[in-house]
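A short write-up of the structure that comes next.
Each value in this text was obtained by applying a stated rule to the coordinates, not by laboratory testing. In this text the structure is predicted, and so the values were computed from the model without any measurement. Note that each Cβ is placed from the backbone with ideal geometry, even for glycine, and that neighbours are counted across all protein chains shown.
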Amino acid sequence: MKNDRIGAGKGKTDSLCGVILCGGQSHRYGSDKALILIDGEPLIRRAHRVLATVVDDIVIAVGPLGRTYEVNALQIPDKRMDAGPLAGIEAAFEATTAERLFVLAVDLPLVEMRDLKEIVNQFHYPLTYARDTQTGRDQPLCSIWHRSLQSPLSTYLNEGNRSVMGFISSHSNSKVDVGDGRLINVNFKSDLPTSRGD
């Protein structure tokens, strides 16, 4: 697949491109989490639908194996093997020209449009991520990254580092309290919600 760079929000001085992270191997779950059905809708399509309400364009980071999904968005493979979510973010920076990336893990089935809008509204340069108001847990894969982090991120990965929070904690960042229990990610089948939010 030809990966021409997306000029998200052409004409804008602070464009925002959405990045759906789908590159995990889903070993604990047992199958591709992007294809989990919640109320008949695959998580990949739900993430795309919710994220599209707050961004100019969307890319899907499909991991090093280059999976493909039936979603109308540029799908980009990682350029590193076994480098985790940060490799997907790195690939998205390279595939787009947007000033900021809104990163969203595909396995957050209950996150809502209002949560994403709050993060956009409270963004502080260069990085803002979500913290669930009910659980108090950080969710670094529901976050906005400024392009100034692109080069430091590549350097961090080149040094063999893989920790998302390790990278975030080494840079100026802010948290936004959202979610009220909705920022729970799915790792096992027992984590699946009985219903979803919209």
Practice item. Enumerate the amide H contacts of V106 below 5 Å, restricted to partners 5 or more residues apart or on another chain; note that Pro and chain-start residues carry no placed amide H. Key: L21
Revision key, fill the gap. Percent antiparallel among DSSP beta bridges confined to segment 11-130, rounded to 5, stands at 10
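Express as a percent, rounded to the nearest 5, the fraction of DSSP beta bridges in segment 65-198 (both residues included) that run antiparallel. Write down the numbers at each step before the final one.
On the way: 10 of 15 bridges.
Given both bridge residues lie in segment 65-198, the antiparallel proportion sits at roughly 65 percent.
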**Study point:** Note, ³J(HN,Hα) from phi for segment 93-110, Karplus 6.51, -1.76, 1.60, rounded to Hz, x at Gly and Pro
**Key:** 4, 6, 8, 10, 10, 5, 6, 9, 10, 9, 8, 9, 5, 5, 9, 10, x, 9
Revision key, fill the gap. For the chain, whose charge dipole is built from +1 on Lys and Arg Cβ atoms and -1 on Asp and Glu Cβ atoms, the candidate among L110, T133, S163 with its Cα farthest towards the positive end is S163
Check your understanding: Which residues in segment 145-189 have a backbone N closer than 14 Å to a point placed 7 Å from the Cα of N121 along the Cα-to-Cβ line?
Key -> 176-179
Revision key, fill the gap. Quick note, the chain: a/c under 1.5 would make it rounded; otherwise a/b > b/c is prolate and the rest oblate (a ≥ b ≥ c, C-alpha gyration tensor); here it is rounded
Review point. Whose amide H sits under 5 Å from the amide H of I38, counting only residues 5 or more places off or on another chain, with H placed in the peptide plane?
Key: L43
**Study point:** Residue-by-residue Karplus 3J(HN,Hα) for segment 57-73, coefficients 6.51, -1.76, 1.60, Hz, glycine and proline x
**Key:** 8, 9, 10, 10, 8, 9, x, x, 8, x, 4, 10, 10, 7, 9, 7, 7
Check your understanding: What is the distance, in nm, between label points placed 7 Å from the Cα along the Cα-to-Cβ direction at R49 and at M81?
Key -> 3.8
Review point. Can you work out ³J(HN,Hα) from phi for every residue in segment 114-122, in order, using Karplus 6.51 cos²θ - 1.76 cosθ + 1.60 and θ = phi - 60°, giving whole Hz and x for Gly and Pro?
Key: 5, 5, 5, 4, 5, 5, 4, 5, 9
Check your understanding: Counting only residues 5 or more places away or on other chains, whose amide H sits under 5 Å from the amide H of S174 once H atoms are built in the peptide plane?
Key -> L127, T128, Y129
Check your understanding: Hey, which aspartates and glutamates would be in cross-link range of K33, C-alpha to C-alpha under 15 Å, not counting anything within fewer than 8 residues on its own chain?
Key -> E41, E70, D107, D191
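Based on the alpha-carbon gyration tensor of segment 20-119 and its eigenvalue square roots a ≥ b ≥ c, which shape applies: rounded if a/c is under 1.5, prolate if not and a/b is larger than b/c, or oblate? Don't skip to the end; give the middle numbers.
Values: a/c = 1.67, a/b = 1.04, b/c = 1.60.
Oblate.
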Study note, to complete from the structure: Expressed in angstrom and ordered largest first, the alpha-carbon extents of segment 97-190 along the principal axes are 36, 31, 24
